[in-house]
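Pasting in a structure now, in structure tokens, and then I'll have a few things to ask.
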Amino acid sequence: MTKISPVGIFHTRADGYTTFVNRKWCEISGLSENEGIGYNWLKAVHPDDIERVREGWDRATAEKRDSGTQYRFLLSDGSVKWVLGRAVPELDSQNQIIGYVGTITDITEIINFQHEQIKLKEKAEESDRLKSAFLANMSHEIRTPMNGILGFSDLLSDPDLTSEEQANYIAMINKSGQRMLNIINDIVDISKIEAGLLEIQLSETNINDYTEYLYNFFLPQAKSKGLLLSVKNSMSGKEATITTDREKLYSILTNLIKNAIKYTHMGEIELGCARKEDHLEFYVKDTGIGIPKDRQEAIFERFIQADIDDCMAYQGAGLGLAIAKAYVEMLEGKIWVESEEGKGSTFYFTISCKREPEHKNPAAQPAVADISGETRKLKILIVEDDETSEILLRKTIHKFSKEILVSRTGLEAIKVNQSNPDIDLILMDIRLPEMGGYEATRQIRLFNKKVVIIAQTAFGFSGDRKKALEAGCDDYIAKPIDTHELQLLIQKYFGN
Ligand code: ADP
């Protein structure tokens, strides 16, 4: 009977000395029948459980009662078996204990399942905590610039303002809008990374041009905080020419430099770059507030800031470094930080330079036209369902236009175009009621190949440009529309 039992069975004398074990007992404990006899079986119990099992067993035999406990066997191959052990006294006809009969049941799967559940629960709680922290942070991040925009717009309506005050308020509105746009861009980027929507777009890039551009770009910001900014880069033109994804590299570097300026109140910031065999190593060094040792890994995770208590003191959602890390990994590199609190931080990252360009000749960049140049006056159709965006566009293109038409839907745009074949330019929103902008463009192209159509979309997904061109648009501009960029585009198609 005991041979086919699905549980392990054992028998001991009254003093706990094992006299019998069945086949299943041996299978669970990993011991042979001989090894199971006597007191030796305890040696197979997991070292962390031995004391507890021994004490429990000694107490049960001394007190002559039932015993029951969960413990682990550590098998010779290193694996662990969880068991539920139970033993009951065996009585003779005078009710005297003459031994114990016991069972062990393998509960490894149940325990593993429980552990798995606990881990999942902890993970869910952690992600809940992160989400709440994120929402609180995000709400602060969005409300603050919103406050600025609404507050200063309100103040602008005061008829007694001096022109200097007006200019000041407008600058504040602009700054707040820019900050809001930054945070939205970060959220979009991180969503794109999470959704796996990002693609690498390789082209030949000269890093020296890049570092020089970044230096010039950030110099005014650094100066305004009284910081020195310098670049250490001794690469020759040939060494500095690599194939990489420029936009991602640009985003990594700007993130690091922005942070360095943000978290440094005195001293200097140095941007450096050197070629190391098959990769380039960049660093951004600052003399800022530094990062505590125990936060130096976590800051690369999304929504995490070095010191939560302090986060309100600095703007930011804790997304910049997570985005930078994802981009660095896409470029086959690593990112890390060396930092000492109160002394400063140096962020390092590498990118591979082994890659071959997808196109030998980098994609032609839009010609940088001189926007002071004249263009003829155009008949323009704005396809836009949102009135505020339409008014803004209308103002932006005012000086290029002789007539401006407006359609609120894709269907309307087709009709207006049919009855106005002399339209020169269509600024086509993509998300429209009734019929989207891509479909409207496709239909317009069936009868009008000549009109220049520029798609305007809300988020700059890398696939948008392709989609716009496939639908028949000539070009693409991301919303919110940068006035200067739109003027350059108009110049490109209609300049002399
Ligand atoms: P944030 O938008 O909050 O700046 P990041 O992901 O860019 O988000 O950075 C995460 C956190 O890492 C920051 O909140 C800050 O605490 C810390 N950090 C980043 N760069 C620096 C730096 N140069 N010096 C000190 N702390 C930094």
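Would you check if there is a residue in region 247-267 being farther than 24 Å from Ile299 by Cα and of a type outside the set (A, V, I, L, M, F, W, C)? Give the derivation first.
Of region 247-267, the ones farther than 24 Å from Ile299 by Cα are none.
Scanning region 247-267 turns up no residue that is farther than 24 Å from Ile299 by Cα and of a type outside the set (A, V, I, L, M, F, W, C).
For region 300-329: of the residues being of a type in the set (Phe, Trp, Tyr) and within 11 Å of the ligand (Cβ to nearest atom), which is modelled with the highest pLDDT? Steps first, answer last, please.
First pass over region 300-329, keeping only residues of a type in the set (Phe, Trp, Tyr): 300, 303, 314, 327.
When the remaining residues are screened for being within 11 Å of the ligand (Cβ to nearest atom), the result is 300, 303, 314.
Details: Phe300: 90, Phe303: 64, Tyr314: 54.
Looking at the filtered set, the residue picked out is Phe300.
If you don't mind, there's one more thing I want to ask. Among the residues of region 217-242, write down those that are over 28 Å from the mean Cα position of the chain (by Cα) and open to solvent by 90 Å² or more (accessible area, probe 1.4 Å).
Lys223, Ser224, Leu228, Lys232, Ser234, Lys238
Matching residues to (1) of a type in the set (A, V, I, L, M, F, W, C); (2) assigned by TED's automatic domain parsing to the domain that holds Leu331; (3) touching a strand residue (DSSP E or B) at 6+ places or on another chain (Cβ under 6 Å); (4) modelled with pLDDT of 85 or more:
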| position | (1), (2), (3), (4) |
| --- | --- |
| Ile183 | yes, no, no, no |
| Ile187 | yes, no, no, no |
| Glu212 | no, yes, no, yes |
| Tyr215 | no, yes, yes, yes |
| Gln221 | no, yes, no, yes |
| Leu229 | yes, yes, yes, yes |
| Lys238 | no, yes, no, no |
| Thr241 | no, yes, yes, yes |
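Next up: Considering each of Ser153, Ser176 in turn, give the residue that is among the hydroxyl-bearing types (Ser, Thr, Tyr), modelled with pLDDT of 90 or more and not assigned by TED's automatic domain parsing to the domain that holds Val284. Reasoning before the result, please.
Numbers: Ser176 fails: modelled with pLDDT of 90 or more.
Answer to the selection: Ser153.
Just to be sure I understand, how many residues within region 58-74 are touching a residue at least 12 places away in the same chain (Cβ under 8 Å), open to solvent by 30 Å² or more (accessible area, probe 1.4 Å) and of a type in the set (A, V, I, L, M, F, W, C)? I'd like the intermediate steps shown before the answer.
Taking region 58-74 first, the residues touching a residue at least 12 places away in the same chain (Cβ under 8 Å) are 58, 60-61, 64-74.
With open to solvent by 30 Å² or more (accessible area, probe 1.4 Å) added as a condition, the list becomes 58, 64-66, 68-70, 72, 74.
This time we only want the ones that are of a type in the set (A, V, I, L, M, F, W, C), so: 74.
Result for region 58-74: 1.
On the basis of being outside any helix (DSSP H, G or I) and either free of Cβ contacts under 8 Å to residues at least 12 places away in the same chain or farther than 22 Å from Trp41 by Cβ (or both), does Asn95 make the cut? Even if it seems obvious, please write down each step before you answer.
Numbers: outside any helix (DSSP H, G or I): yes; either free of Cβ contacts under 8 Å to residues at least 12 places away in the same chain or farther than 22 Å from Trp41 by Cβ (or both): yes.
Yes: the conditions hold for Asn95.
Next question, about the same structure. Any residue at all in region 344-367 that's more than 30 Å from Glu204 (Cα to Cα), modelled with pLDDT of 65 or more, surrounded by 14 or more Cβ atoms within 10 Å (Cβ to Cβ) and not assigned by TED's automatic domain parsing to the domain that holds Ile184?
Taking region 344-367 first, the residues more than 30 Å from Glu204 (Cα to Cα) are 344-345.
Adding the requirement that they be modelled with pLDDT of 65 or more leaves 344-345.
Restricting the remaining residues to those that are surrounded by 14 or more Cβ atoms within 10 Å (Cβ to Cβ) gives 344-345.
Retained after the next criterion (residues that are not assigned by TED's automatic domain parsing to the domain that holds Ile184): 344-345.
The answer is yes, given that some residue of region 344-367 is more than 30 Å from Glu204 (Cα to Cα), modelled with pLDDT of 65 or more, surrounded by 14 or more Cβ atoms within 10 Å (Cβ to Cβ) and not assigned by TED's automatic domain parsing to the domain that holds Ile184.
If you don't mind, there's one more thing I want to ask. Tell me, which residue of region 247-278 that is more than 14 Å from the ligand (Cβ to nearest atom) and open to solvent by less than 30 Å² (accessible area, probe 1.4 Å) is farthest from Ala222 (Cα to Cα)?
Result: Lys248.
Do we find that Lys334 is more than 15 Å from the ligand (Cβ to nearest atom), under 22 Å from the mean Cα position of the chain (by Cα), outside the structural domain of His398 (by TED's automatic domain parsing) and at pLDDT 90 or above in this structure?
yes
Which is in contact with a helix residue (DSSP H, G or I) (Cβ under 6 Å, 6 or more places away or on another chain) and part of a helix (DSSP H, G or I), of Ile118, Ile149, Ile110? I'd like the intermediate steps shown before the answer.
Working: Ile118 fails: in contact with a helix residue (DSSP H, G or I) (Cβ under 6 Å, 6 or more places away or on another chain); Ile110 fails: in contact with a helix residue (DSSP H, G or I) (Cβ under 6 Å, 6 or more places away or on another chain).
The match here is Ile149.
Here's a follow-up. Here is a check on your reading of the model: is Gln418 among the polar types (S, T, N, Q) and loosely packed, with under 14 Cβ neighbours inside 10 Å?
Values: among the polar types (S, T, N, Q): yes; loosely packed, with under 14 Cβ neighbours inside 10 Å: yes.
Judged against the criteria, Gln418 is a match.
Same structure again: Is region 467-479 home to any residue that is out of contact with any His (no Cβ under 6 Å at 6 or more places or on another chain), outside any helix (DSSP H, G or I), open to solvent by 30 Å² or more (accessible area, probe 1.4 Å) and touching a residue at least 24 places away in the same chain (Cβ under 8 Å)?
Yes; the residues of region 467-479 include at least one that is out of contact with any His (no Cβ under 6 Å at 6 or more places or on another chain), outside any helix (DSSP H, G or I), open to solvent by 30 Å² or more (accessible area, probe 1.4 Å) and touching a residue at least 24 places away in the same chain (Cβ under 8 Å).
Let me ask something else about it. Could you list all residues from region 279-299 that are more than 21 Å from the chain's Cα centre (by Cα), near the ligand (Cβ under 9 Å from one of its atoms) and in a loop (DSSP other than H, G, I, E, B)?
Scanning region 279-299 gives Gly288, Ile289, Gly290.
For residues that are open to solvent by 50 Å² or more (accessible area, probe 1.4 Å), part of a loop (DSSP other than H, G, I, E, B) and in contact (Cβ under 8 Å) with a residue 24 or more places away in the chain, tally how many sit in region 169-211.
Total meeting the criteria: 3.
Looking at the structure I just gave you, is Arg52 open to solvent by 70 Å² or more (accessible area, probe 1.4 Å), within 47 Å of the chain's Cα centre (by Cα) and farther than 15 Å from Thr12 by Cβ? Write out each step before concluding.
Working: open to solvent by 70 Å² or more (accessible area, probe 1.4 Å): yes; within 47 Å of the chain's Cα centre (by Cα): yes; farther than 15 Å from Thr12 by Cβ: yes.
Yes: the conditions hold for Arg52.
Separate question: Yes or no: region 194-202 includes at least one residue that is within 24 Å of the chain's Cα centre (by Cα) and polar (S, T, N, Q).
yes
Hey, another quick one. Which condition breaks for Glu439 when tested against (1) out of contact with any strand residue (DSSP E or B) (no Cβ under 6 Å at 6 or more places or on another chain); (2) more than 16 Å from Val383 (Cβ to Cβ)?
(2)
The values are calculated or read from the model by the stated rules, or taken from the named source; none is laboratory data. Here the structure is a predicted model, which is why all the values come from computation and not from measurement. Heads up, the Cβs are rebuilt from the backbone with ideal geometry, glycines too, and the neighbour counts pull from every protein chain shown. For the accessible areas, the whole protein counts, side chains as well, though only heavy atoms, and no ligand, DNA or RNA atoms are used. Shrake-Rupley method; radii C 1.70, N 1.55, O 1.52, S 1.80 Å.
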